[in-house]
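Novice: If you scroll down you'll find the structure; I have some questions about it.
The values are calculated or read from the model by the stated rules, or taken from the named source; none is laboratory data. Remember, predicted model here, so these are calculated numbers, not experimental data. Because the Cβ atoms are built from the backbone with ideal geometry, glycine has one as well, and the counts that use them run over all protein chains shown.
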Amino acid sequence: MAKPELKRVSENIWQIEPFGKMKVPGVIFADSTLIKDMDEKTISQVCNVAALPGIVKASFAMPDAHMGYGFCIGGVAAFDPEAGGVISGGGVGFDIACGVRTLHTGLSEDDIAGISEKLAEALFRDIPAGLGSTGNITLSTAQLDNMLSGGAVWAVEKGFGTKEDLDFIEEGGCVKGAIPAKVSPQAKKRQREEMGTLGSGNHYLEVQKVVDIYDEQIAEGFGLKKGDCLVSIHCGSRGLGHQIGTDYLREMVSQAASFGIDLPDRELASVPVNSPLGQDYLGAMRSGINCALANRQILTELARRIFTRIFPKAQLKMLYDVSHNTAKVEEHKVDGKSKSLLIHRKGATRSFGPGSSDLPACYKALGQPVLIGGTMGTASYILAGTNESESLAFSSACHGAGRSMSRTQAAKQWQGSQIVRELAGRQIIIKSRSMRGLAEEAPDAYKNVSAVVEATANAGLAKKVAKLLPLICVKG
Amino acid sequence: MWEHFAHQADIGIRAIAESLNSAFEEAALALTAIVTEPNNVAKIESVKIECSAENNELLLVNWLNSVIYEVAVRKMLFSRFEVRIENLKVSATIWGEKINQQKHSPAVEPKAVTYNQLSVKNENGKWTVQCVIDV
C-alpha cells in the first residue's frame with residue numbers, strides 16, 4: 001500500500017482520502033504532535049480497516065492510537081449488517097471487554113495519608129494478580145454458563161456487590177444475546193480458576209486522588225470534588241476472552257476467503273455479521289463481555305472488603321464501568337437516518353452524550369462517564385460523552401495513554417527498581433511481582449496522556465471533567 | 001536460537017534453526033522468555049501436545065497457542081520442548097513446573113498468538129519462524 005496522505009480537516013482531525021481498496025476515508029483524531037509521532041504502520045492499519053466490506057462512513061483512530069495487529073489500538077469502525085457488513089475477531093482483540101471501572105471511596109487524601117503503605121500491602125496481598133494466580137471461587141460448567149449469560153448481574157446475585165452497582169455499568173452490567181454454548185470447552189476450562197483475578201501486563205488496581213476539576217457541574221453530578229480518593233480497576237475477560245479470540249480468529253482466518261473477503265492482514269480476519277460464524281462469534285464474544293463485567297464486579301467486592309477493613313467509614317460506590325475491546329450493536333444516525341450498526345471499538349471507549357437511554361437517571365443530563373487510564377506515574381482522567389461524538393466517531397473516545405515504545409525497548413531502557421524509587425519520591429506506592437514487568441510498563445513508554453485527553457476534548461469526542469493522580473498502583 | 005523483536009503494543013518472537021522441529025522448539029522457548037528466564041524453570045512435569053493445521057504458518061500459531069493454553073490451565077511454565085512435525089502435524093512433549101510467583105516473577109501473561117508479522121521461511125537451509133504474541 002502506498003504511503004497515505006494526511007489532510008488536516010480541522011485542528012484535531014486528519015483525513016486520508018480513500019485509495020487502493022479503501023471503501024471509506026480514514027479519520028484520525030490527534031493534535032499535530034501526536035500525528036507526527038504516529039507510527040506509519042498504525043496509519044496503514046487504519047487504511048486496511050477502511051477496506052473491509054460493509055464499513056460505514058470511515059475507519060477511525062482515536063488520539064491514543066498505536067500499532068495493533070489488524071486494527072490499530074484506538075481503532076473504531078462501524079459495519080452495516082444489512083449491507084454485507086462484517087464482524088472481525090481482530091477488531092475486538094483477545095482481551096474481550098478489557099476495561100476500566102472507577103469507584104468512589106468516601107475518603108479524602110488526608111484519610112489515607114499515613115496508612116497508605118498498609119492499604120497498598122493489603123490490596124497487593126488480597127487481590128489475585130499476575131500469571132499463575134487463581135481466584136477464590138472455582139466455577140462448575142453450569143455456573144460458568146450462568147455467569148456468561150448474566151455478567152455483573154450474575155455476580156451481584158452471588159453476593160458480589162449490590163443491585164445499585166448495576167446502573168453504573170454499560171448495558172446494566174449484562175450484555176444481551178450472549179450464547180455460552182458458542183464458547184468452547186477449552187475457553188471455559190481456562191476460566192475455571194480465574195474469576196476475580198486482575199491479570200497482568202498493563203492491568204492494574206489504582207488508588208487515585210482528584211487533583212483538578214474542569215467542569216464543576218458535571219463533576220458534581222458524577223460525585224467528584226478535589227481531594228477525593230477513588231479506586232480504578234483495569235482488567236478484562238481473562239483466559240476465557242483470550243481463548244474465545246484464539247478459537248474464532250482461527251475459524252475466521254480460514255473462512256474469510258469463502259465469503260470473498262480479501263484480507264490485507266490475516267489478523268483482520270472477518271466474516272459477514274449475518275453468517276453462521278459471524279452470529280456464533282457474536283454469541284461467544286458477548287459471553288466474553290459478560291465475563292469481564294462479572295470479573296470487575298468480583299474485584300470490586302474484594303476492594304470493598306479491604307477498604308472497609310482498614311477504613312470503617314469507607315464507601316466504595318460505583319462511578320462507572322467502561323469496556324474498551326468490544327463489538328456492539330448500536331443505533332446511530334447516518335445521513336439523517338437511524339441505522340442499526342455493529343460498532344467495533346478496539347482500545348476505544350464508548351462515549352454516549354446526554355440523553356442516552358443507556359445512562360442511569362442521575363447521569364442522563366450529563367453524558368456518560370468516559371474513564372481514561374494513565375500509566376502508574378501519570379494522570380488518569382474522567383471525561384463525559386458528548387452528543388457531538390456521535391457524528392464524529394459513532395460516540396467513541398480514547399481509552400488511555402497508548403504505548404509509544406515497545407516492551408522490549410522499555411525493558412532495555414529502564415529498571416523496575418529505579419521506577420519504584422522514582423515514583424516513591426513523588427509519593428506514589430507501586431506494588432508488583434515483577435521488576436521487568438514494571439520496566440516494560442514504564443510511564444515514559446507511553447504517549448503523553450494529557451495530550452491525548454486534550455486532543456480528545458478539543459476534537460469534541462468527550463468533555464474534560466476531572467484529573468486524577470495515582471497514590472497507590474498494584475500492577476497485575 | 002531465538003530472539004524477541006519489538007512491536008509497539010506487544011512482543012514479537014523469532015526463532016532460527018536448522019530444522020523446522022528445532023525452530024518450533026526455540027519459538028516456544030522465546031514464548032517462555034516473555035514471562036520469565038527459561039533457565040529458571042525446572043523441567044519436572046511433562047505434558048503432551050498434538051495439533052495440526054493447513055500450512056506451516058498456521059501450524060506455528062496453533063502450536064504456540066497450545067503451549068499458552070497449557071500454561072493457562074495448568075498454571076505451569078515450560079522450559080524444554082521436543083517437537084516432531086510430520087505432514088503438518090505437531091507431536092510434542094514439553095517439560096516444566098508449576099508457576100511460583102516468588103521464584104519466577106512473571107513479567108506478563110501471554111494471552112494469544114496473533115497473525116501479525118507471522119511467517120515461516122526456509123532460506124539457505126535455515127528455518128526462520130516468527131509471530132507477535134499478545135500480552
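Novice: I'd like the full set of residues that are more than 14 Å from chain A (Cβ to nearest Cβ), surrounded by fewer than 24 Cβ atoms within 10 Å (Cβ to Cβ) and part of a strand (DSSP E or B), limited to the range B:108-135.
Specialist: B:Lys121, B:Asn122, B:Glu123, B:Lys126, B:Trp127, B:Thr128 - these are the residues of the range B:108-135 that are more than 14 Å from chain A (Cβ to nearest Cβ), surrounded by fewer than 24 Cβ atoms within 10 Å (Cβ to Cβ) and part of a strand (DSSP E or B).
Novice: Now, a different point. Select from the range B:77-107 the residues that are surrounded by fewer than 20 Cβ atoms within 10 Å (Cβ to Cβ), assigned to a strand (DSSP E or B) and either within 14 Å of chain A (Cβ to nearest Cβ) or in contact (Cβ under 8 Å) with a residue 40 or more places away in the chain (or both) and list them in ascending order.
Specialist: B:Glu82, B:Arg84, B:Ile85, B:Ser91, B:Thr93, B:Trp95, B:Glu97, B:Lys98
Novice: Need the failing condition index for A:Lys118 against (1) within 14 Å of another protein chain (Cβ to nearest Cβ); (2) closer than 16 Å to A:Ala424 by Cβ; (3) touching a helix residue (DSSP H, G or I) at 6+ places or on another chain (Cβ under 9 Å); (4) not β-branched (Val, Ile, Thr), just the number.
Specialist: So A:Lys118 meets the others, but not (1).
Novice: Only one of these is among the small types (Gly, Ala, Ser), within 14 Å of the chain's Cα centre (by Cα) and closer than 27 Å to A:Ile96 by Cβ: B:Ala27, B:Ala92, B:Ala53, B:Ala107. Name it.
Specialist: B:Ala27
Novice: So A:Thr408 ticks every box in (1) buried (at least 24 other Cβ atoms within 10 Å of the Cβ); (2) in contact with a His (Cβ under 7 Å, 6 or more places away or on another chain) but one. Which box is left unticked?
Specialist: (1)
Novice: I'm trying to understand the selection: among the residues of the range A:307-354, which are over 21 Å from the mean Cα position of the chain (by Cα), under 30 Å from A:Arg125 (Cβ atoms) and surrounded by fewer than 20 Cβ atoms within 10 Å (Cβ to Cβ)?
Specialist: Hits for the range A:307-354 are A:Thr308, A:Arg309, A:Ile310, A:Phe311, A:Pro312, A:Lys313, A:Gln315.
Novice: With (1) under 22 Å from A:Leu119 (Cα atoms); (2) in contact (Cβ under 8 Å) with a residue 40 or more places away in the chain; (3) more than 14 Å from chain B (Cβ to nearest Cβ) as the list, and A:Val271 as the residue in question, which single condition is left unmet?
Specialist: All conditions pass for A:Val271, except number (1).
Novice: If I ask for residues that are surrounded by fewer than 14 Cβ atoms within 10 Å (Cβ to Cβ) and either more than 15 Å from A:Pro354 (Cα to Cα) or of a type in the set (Asp, Glu) (or both), which ones from the range A:212-222 would you list?
Specialist: Within the range A:212-222, A:Glu216, A:Glu220 qualify.
Novice: Could you tell me which numbered condition A:Ser287 fails, if it satisfies all but one of (1) within 14 Å of chain B (Cβ to nearest Cβ); (2) assigned to a helix (DSSP H, G or I); (3) surrounded by 20 or more Cβ atoms within 10 Å (Cβ to Cβ)?
Specialist: The number of the failed condition is (1).
Novice: Are any residues in the range A:380-396 of a type in the set (Ser, Thr, Tyr) and under 10 Å from A:Ser351 (Cβ atoms), and if so, which ones?
Specialist: A:Thr386, A:Ser389, A:Ser395, A:Ser396
Novice: Separate question: Can you name the condition, by its number, that A:Met62 falls short on among (1) in contact with a strand residue (DSSP E or B) (Cβ under 7 Å, 6 or more places away or on another chain); (2) among the hydrophobic types (A, V, I, L, M, F, W, C); (3) at pLDDT below 95?
Specialist: It fails just one condition, (3).
Novice: How about the range B:56-68: which of its residues are more than 11 Å from the chain's Cα centre (by Cα) and under 24 Å from A:Arg190 (Cα atoms)? Before you say what the answer is, go through the steps one by one.
Specialist: The initial filter retains those residues of the range B:56-68 that are more than 11 Å from the chain's Cα centre (by Cα), namely B:56-59.
The answer is B:Leu58, B:Leu59.
Novice: If you don't mind, there's one more thing I want to ask. Quick check on the range A:67-75. Is at least one of its residues in contact with a helix residue (DSSP H, G or I) (Cβ under 7 Å, 6 or more places away or on another chain), away from chain B (no Cβ under 14 Å) and buried (at least 24 other Cβ atoms within 10 Å of the Cβ)?
Specialist: no
Novice: Determine which member of the set B:Val47, B:Val61, B:Val67 is at the interface with chain A (Cβ under 10 Å from one of its Cβ atoms) and modelled with pLDDT of 95 or more.
Specialist: B:Val61
Novice: Follow-up. May I ask you to list the residues in the range A:371-409 that are within 14 Å of chain B (Cβ to nearest Cβ) and charged (D, E, K, R)?
Specialist: Across the range A:371-409, the qualifying residues are A:Arg403, A:Arg407.
Novice: List the helices (runs of 4 or more DSSP H) that sit entirely inside the range A:336-453 and contain at least 3 residues that are under 16 Å from A:Gly74 (Cβ atoms).
Specialist: Hits in the range A:336-453: A:388-393.
Novice: Could you tell me whether the range B:13-27 includes any residue that is in contact (Cβ under 8 Å) with a residue 40 or more places away in the chain, within 14 Å of chain A (Cβ to nearest Cβ) and assigned to a strand (DSSP E or B)?
Specialist: Yes, the range B:13-27 contains at least one residue that is in contact (Cβ under 8 Å) with a residue 40 or more places away in the chain, within 14 Å of chain A (Cβ to nearest Cβ) and assigned to a strand (DSSP E or B).
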